[in-house]
Amino acid sequence: MVYRTKTYLAGEWDGDSDAIEQLHTWNENNYWSLSFTDAHSLTQARDSSLNCSIKASLATRLNASKTFVLIVGSNTKDARSGGCRYCASYNSWGGYCNRGRAVDHRSYITYECEKAVKDGLNIVVLYNAASVNKAKCPDAVKYAGTHVAMCYKVDGQYYWDYQAVKAALGA
């Protein structure tokens, strides 16, 4: 039995790596009191070319998680990476996976969000912006959990909002 003690970080890594890195900076620095154990330290998919292998690894991490944190940026809702049709093992003629796995057309982000809701995880949606824009949020978590902007703007300059993030995570 796996105890749910981890925090699972999800996001469109290509577009929002700065926000994800900022969470890790706050978590790893002794100056800040943000503290979580990242579920991604548990396991990694060995075959990065097979989306079904990656989703199995994501499921293992989500199963050990108590809190699901989604970073929402400009491309999060529209991200399609992870769907079977984008996998080298997908056979579009027969509609099945060449590796004998179930076909899953959901993106990684959609898969993660739907599993987090289904499993009843604490959901925190952090917007990589100075405002919350639920139009950019995946439908599965649009009305679930806590939604907070990660930044604030002063005189045209953006700053990370540590206090808002800390409060949202309950740290």
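The values are calculated or read from the model by the stated rules, or taken from the named source; none is laboratory data. Owing to the predicted nature of the structure, the values given are computational and were not obtained by experimental measurement. Heads up, the Cβs are rebuilt from the backbone with ideal geometry, glycines too, and the neighbour counts pull from every protein chain shown.
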Filter segment 27-38 for residues that are touching a helix residue (DSSP H, G or I) at 6+ places or on another chain (Cβ under 8 Å) and within 20 Å of Asn63 (Cα to Cα); which is modelled with the lowest pLDDT?
-> Asp38
Enumeration of residues in segment 68-83 that are crowded, with 21+ Cβ neighbours inside 10 Å and out of contact with any Cys (no Cβ under 6 Å at 6 or more places or on another chain) | Phe68, Val69, Leu70, Ile71, Gly73, Thr76, Gly82
Given (1) modelled with pLDDT of 95 or more; (2) on the phi > 0 side of the Ramachandran plot, where does Leu126 come up short, assuming only one miss?
-> (2)
Look at Lys142 and say whether it is surrounded by 15 or more Cβ atoms within 10 Å (Cβ to Cβ) and without any contact (Cβ under 8 Å) to a residue 12 or more places away in the chain.
-> yes
Selection from segment 105-124 of residues that are in contact (Cβ under 8 Å) with a residue 24 or more places away in the chain, farther than 17 Å from Thr60 by Cα and in contact with a helix residue (DSSP H, G or I) (Cβ under 6 Å, 6 or more places away or on another chain) = Ile123, Val124
Residues of segment 5-26 that turn out to be surrounded by fewer than 18 Cβ atoms within 10 Å (Cβ to Cβ) and either closer than 22 Å to Cys113 by Cβ or at pLDDT below 80 (or both), as a count | 8
Using the structure shown, decide if Asn128 is in contact (Cβ under 8 Å) with a residue 60 or more places away in the chain and either under 16 Å from Val72 (Cβ atoms) or in contact with a Gly (Cβ under 8 Å, 6 or more places away or on another chain) (or both).
-> yes
All conditions in (1) modelled with pLDDT of 85 or more; (2) touching a Phe, Trp or Tyr at 6+ places or on another chain (Cβ under 9 Å) are true of Ser74 except (2)
Could you figure out which of (1) at pLDDT 95 or above; (2) assigned to a strand (DSSP E or B); (3) over 19 Å from Tyr8 (Cβ atoms) isn't true of Val132?
-> (2)
